[in-house]
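I have placed the structure first, in the form of structure tokens, so that the comments after it can refer back to it.
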Amino acid sequence: MQHIFIKGTDDSKPTLLLLHGTGGNEHDLISLAKEIDPTASLLGVRGNVVENGMPRFFRRLAEGVFDMEDLEVRTKELAEFIDEAAVQYGFNRDNIVAIGYSNGANIAGSLLFRNGPIVKGAILHHPMVPRRDIEVPVLSQLPIWIGAGKNDYMCPPQESKDLEGLLTAAGAEVEVYWSDYGHQLTHDELKAAKVWYANHF
């Protein structure tokens, strides 16, 4: 997978796995991640699916309708890539925090739904429920932060509420930040994610 790795200055900090939204790339969340933790190593990944010229992490059949077969394949592909990158760059495979926005948040959620606690924590900006056809593995006390918009037309508020419920039922410690805005990332949302991260990592 196309990616960028930036070595951090503190090896005790998690490596931040950065997963962009539709039309983004491996560089999109670098500045956001540096704001959240300027000392952490960063692994930015580009999705392998292209939709109308825009990179994504998995195919969709329509707006908000995921191609479940492709989602399964791409989730497995990303999990294998993380394993390979840990070996290649020498970072701690057991100390990764995923940061995803929109489509990237959805593939991060799918990693948890498919693999359980494959990461040490997750910051999910405007995610949807990745799938409703499987039981979520045990996520004992896994810290997860969700950023949601009350007026998000791309990701209806109910999706965030449902995701919170499914993750909490699996044992995760979920915190949801609600803004009055839509699907965009706001400074206040980033600030809230930064505070949450500092309290957990």
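Each part gets one Cα centre, and for segment 1-22 versus segment 37-97 those centres are 12 Å apart.
Averaged over residues, the count of other Cβ atoms within 10 Å places the peptides 137-146, 123-132, 177-186 in the sequence 123-132, 137-146, 177-186, highest first. Taken over segment 1-83, the convex hull of the Cα atoms encloses 94 Å³ per residue. When shorter helices are ignored and each DSSP H run of at least 4 residues is given -39500 (n - 2.57), the per-residue value for the chain at 222 nm works out to -11000 deg cm²/dmol. Our coupling estimate for segment 144-158, obtained by passing each phi through the Karplus curve with A = 6.51, B = -1.76, C = 1.60 and θ = phi - 60°, is 9, 10, 10, x, 9, x, 5, 10, 7, 6, 7, 10, x, x, 4 Hz, Gly and Pro reported as x.
Projecting label points 7 angstrom from Cα along Cα→Cβ for Thr186 and Glu173 puts them 2.7 nm apart.
Listed values for segment 166-179 are Karplus-derived 3J(HN,Hα) couplings in whole Hz (6.51 cos²θ - 1.76 cosθ + 1.60, θ = phi - 60°), namely 5, 5, 5, 4, 7, x, 6, 9, 9, 10, 10, 9, 9, 10, and x replaces Gly and Pro.
In the structure shown, the pairs Lys13/Lys194; Lys120/Lys194; Lys34/Lys194; Lys34/Lys191; Lys120/Lys150 are assessed against 19 Å; a Cα-Cα span above that value is assigned to Lys120/Lys150.
Taking a point 7 Å out from the Cα of Asp10 in the direction of its Cβ, the residues of segment 161-198 whose backbone N falls within less than 17 Å of it are 193-198. 3J(HN,Hα) along segment 114-123: 8, 10, x, x, 6, 10, 7, x, 8, 10 Hz, from the Karplus curve 6.51 cos²θ - 1.76 cosθ + 1.60 with θ = phi - 60°, whole Hz, x for Gly and Pro.
Taking the 1.4 Å solvent-accessible surface of the chain as the whole, the part contributed by carbon and sulfur is 49%. Residues whose amide H lies under 5 Å from that of Gly21, counting only those 5 or more places away or on a different chain, are Tyr101, Gly104; hydrogens are built 1.01 Å from N in the peptide plane.
Can you give the log10 of the normalised intensity I(q)/I(0) at q = 0.12, 0.18 Å⁻¹, computed with Debye over equal Cα scatterers of segment 3-200? Evaluating at q = 0.12, 0.18 Å⁻¹ gives log10 I(q)/I(0) of -0.52, -1.30.
The values are calculated or read from the model by the stated rules, or taken from the named source; none is laboratory data. What you are looking at is a predicted structure, and each value in this text was computed from that prediction instead of being measured. Every residue, glycine among them, receives a Cβ derived from its backbone with ideal geometry; neighbour counts consider all protein chains shown. Heavy atoms of the whole protein, side chains included, go into the accessibility calculation; ligands, DNA and RNA do not. Shrake-Rupley method; radii C 1.70, N 1.55, O 1.52, S 1.80 Å.
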